[in-house]
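Enquirer: Got a structure here, written out as structure tokens. Questions coming.
Please treat every number below as a calculation from the coordinates, not as lab data. Since the structure is predicted, the reported quantities are computational estimates derived from the model, not experimental observations. Quick reminder, even Gly has a Cβ in these numbers, built from the backbone with ideal geometry, and neighbours come from all protein chains shown.
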Amino acid sequence: MILVTGGAGFIGSNFVLDWLGGGLEPVVNLDKLTYAGNLENLQSLAKNKNHIFVRGDIADSELVSSLLNQHKIRAVVNFAAESHVDRSIHGPIDFIQTNVMGTFNLLECCRKYWGALSGLDKERFRFLHVSTDEVFGSLARDEPAFTENHRYEPNSPYSASKAASDHLVRAWLHTYGMPVLTTNCSNNYGPYHFPEKLIPLVIHNALKGKPLPIYGDGQQIRDWLYVSDHCSAIRCVLEKGVLGETYNIGGCNEKANLDVVHTICDLLDAQKPRADGRSYKDQITFVTDRPGHDKRYAMDASKIERELGWRPAQTFESGMAQTVQWYLANEQWTENVTSGAYREWVEKQYVGAA
Ligand code: NAD
Ligand code: DAU
């Protein structure tokens, strides 16, 4: 069995669905169900005996240790985190608690569990830590993409907390010999993406006739990867990754935010035209920039391609078309997650604009 943490969130739920869809080992899914965790994402697994969902905190050592021992876990994939940069600016404490203390606790529980294993079980055990390109900081337009050796220069409370967790993972390798792997991935998009993040927020607001908020001048650049490609990369690293190595994952799709929003508007104009016949682009609104906003991220993912043979299956165009289609076909999902608590967040973040 494998233990997936944060498997009710955006990437974690996609990972669990893909993993079990591919007929791989049973999964114990440990998730605290914060505002970002949603069991509706896993509804199709309700009767699947290979999926055991446990509501709980990765910082709870008793719970984590008992799950490891009870289910004889052979690998841990750690997605659980506070993941939204804007929320980390308003309130960093939860980011420190889950991303730093939670990862620390997972590592400690795994160290004790792995230490007591023997033979093949010990040899096969893996701890895969899912991290982000944001730990590397921000690039100027003409700088080469981040390689695995780029120095860590996190700029937000979110990225600093993820950087801290990466360093803990590294230290548990060097000090205790723990069989760890770390992946650093660029911006994901696709089904079940919580509508506080740019792409689902823009789709949701467009369909609701609300403003499409662009921070600053909209010229910040992100490298977008369709979520199922991130999931396939993680499976690949888990299977073939060299112990102790870190792997960059990216889509080679550098886009300015404004261009991403234009793409969404074009797709919606074609698939669900506005009643007044005008473009959704009319709803674009420039709003106050994010404090400390990183200008550009770009990933050099040549190591994982060269050494493990992974490359993304989707282009930006195919991934965006599928994403917009998914949101149009699943408007009820978005309705259900944009609850009272969501509306409070939007009010606070966009001061009445959205
Ligand atoms: P998300 O916010 O959608 O989901 C996070 C999940 O973790 C939620 O289900 C939440 O309930 C759970 N969780 C939070 N705190 C927990 C705790 N203390 N114990 C157990 N569960 C807890 O995040 P996501 O976008 O799916 O990101 C998943 C991971 O991938 C994160 O570690 C993030 O840093 C990393 N990552 C995300 C992206 C991206 O573009 N979204 C890119 C690279 C890396
Ligand atoms: O790069 C990987 C990271 O990508 C992950 O580690 C994070 O967990 C994930 O949230 C994401 O972080 P970003 O800050 O890049 O994603 P977000 O969708 O919040 O913003 C994308 C870009 O769009 C960013 O430059 C900010 C901008 N933006 C965002 C929102 C929500 C806007 O212009 N307007 C908005 O309303």
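Enquirer: Quick one: dipole size for the chain, taken about the Cα centre, charges +1 on Lys/Arg Cβ and -1 on Asp/Glu Cβ, in debye to the nearest 20.
Expert: Dipole magnitude for the chain comes out near 620 debye.
Enquirer: If I take every Cα pair under 8 Å that is 6 or more residues apart in region 30-87, average their sequence separation and divide by the length, what percent do I get for the relative contact order?
Expert: 37
Enquirer: Starting from the Cα gyration tensor of region 127-273, take the square roots of the eigenvalues, sort them a ≥ b ≥ c, and report rounded, prolate or oblate (rounded when a/c is under 1.5, otherwise prolate if a/b is larger than b/c, else oblate).
Expert: Values: a/c = 2.41, a/b = 1.90, b/c = 1.27.
Taking the square roots of the gyration eigenvalues as a ≥ b ≥ c, region 127-273 is prolate.
Enquirer: Further question on the same structure: Please identify, among ASN149, ASN41, ASN257, the residue showing maximal mean-square fluctuation in a Gaussian network model of the chain using a 10 angstrom Cα cutoff.
Expert: Top of the fluctuation ranking is ASN149.
Enquirer: Using 10 Å bins from zero, what percent of all Cα-Cα pairs in region 40-195 falls into each bin?
Expert: All Cα pairs considered, the percentages come to 9, 34, 35, 18, 3, 0.
Enquirer: Could you calculate the contour length gain from LYS348 to GLU143, that is, 0.36 nm times the residue separation minus the distance between their Cα atoms, to one decimal place in nm?
Expert: Full extension from LYS348 to GLU143 adds 70.3 nm.
Enquirer: Give me the log10 of I(q) over I(0) for region 243-354 at q = 0.10, 0.11, 0.18, 0.23 Å⁻¹, as the Debye formula computes it from C-alpha points; what are the numbers?
Expert: The computed values of log10 I(q)/I(0) come out as -0.47, -0.57, -1.22, -1.33.
Enquirer: For the chain, modelled as a Gaussian network with Cα springs under 10 Å, which listed residue fluctuates most, SER156, SER279, SER83?
Expert: SER279
Enquirer: On the Cα set of region 1-82, report Rg and Dmax in Å, please.
Expert: Cα-based Rg and Dmax for region 1-82 come out at 11.5, 31 Å.
Enquirer: How big is the equivalent ellipsoid of the chain along its three axes, where each semi-axis is √(5λ) from the Cα gyration tensor, reported in whole Å from largest to smallest?
Expert: Working: eigenvalues 223, 97, 74 Å².
In descending order, the three semi-axes are 33, 22, 19 Å.
Enquirer: Can you check what the net charge comes to around LYS303, using other residues whose Cβ is under 10 Å from the Cβ of LYS303 (Lys, Arg +1; Asp, Glu -1)? Don't jump to the answer; show the numbers that get you there.
Expert: Working: positive: ARG306; negative: GLU148, GLU245, ASP300, GLU305, GLU307.
Residues close to LYS303 contribute a combined charge of -4.
Enquirer: Checking the cross-link filter: which lysines have an alpha carbon closer than 22 Å to that of LYS122, excluding same-chain neighbours under 8 positions apart?
Expert: Here the lysines satisfying the reach criterion relative to LYS122 are LYS72, LYS112, LYS240.
Enquirer: Within region 132-162, list the trypsin sites (Lys or Arg not before Pro) lying in a DSSP loop whose Cβ has at most 11 other Cβ atoms in a 10 Å radius. Before the final figure, lay out the partial values.
Expert: Details: sites: ARG141, ARG151, LYS162; in loops: ARG141, ARG151.
Taking region 132-162 and a limit of 11 other Cβ atoms within 10 Å, the loop trypsin sites (Lys or Arg not before Pro) found are ARG141, ARG151.
Enquirer: For the chain, calculate the relative contact order in percent as a whole number, restricting contacts to Cα pairs under 8 Å that are 6 or more residues apart.
Expert: Details: 635 pairs, mean separation 60.6, N = 354.
It rounds to 17 percent for the chain.
Enquirer: Follow-up question, since we're still on this one. Rounded to the nearest 0.05, what FRET efficiency do GLU335 and ALA171 have when you use their Cβ-Cβ distance and R0 = 35 Å?
Expert: Working: r = 44 Å, r/R0 = 1.26.
Step by step, r from the Cβ atoms, then E = 0.20.
Enquirer: Considering only the other residues whose Cβ falls under 11 Å of the Cβ of TYR113, what net charge follows from Lys and Arg at +1 and Asp and Glu at -1? It would help to have the intermediate numbers written out before the result.
Expert: On the way: positive: LYS72, ARG74, ARG111, LYS112, LYS122; negative: GLU108, ASP121.
Summing Lys and Arg as +1 and Asp and Glu as -1 gives +3.
Enquirer: What is the sum of charges around GLY56, taking Lys and Arg as +1, Asp and Glu as -1, for the other residues whose C-beta is under 13 Å from the C-beta of GLY56? Walk me through the intermediate numbers first.
Expert: On the way: positive: LYS32, ARG55; negative: ASP31, ASP57, ASP60, GLU62.
Here the charged neighbours net out to -2.
Enquirer: Next question. Under 19 Å Cα-Cα from LYS197, which lysines qualify once same-chain neighbours fewer than 8 residues away are excluded?
Expert: LYS162, LYS208, LYS210, LYS255, LYS281, LYS295, LYS348
Enquirer: For a paramagnetic label modelled at 7 Å from the Cα of GLU317 toward its Cβ, which residues of region 264-301 fall within the zone defined by backbone nitrogen distances under 14 Å?
Expert: Within reach of a label on GLU317: 267.
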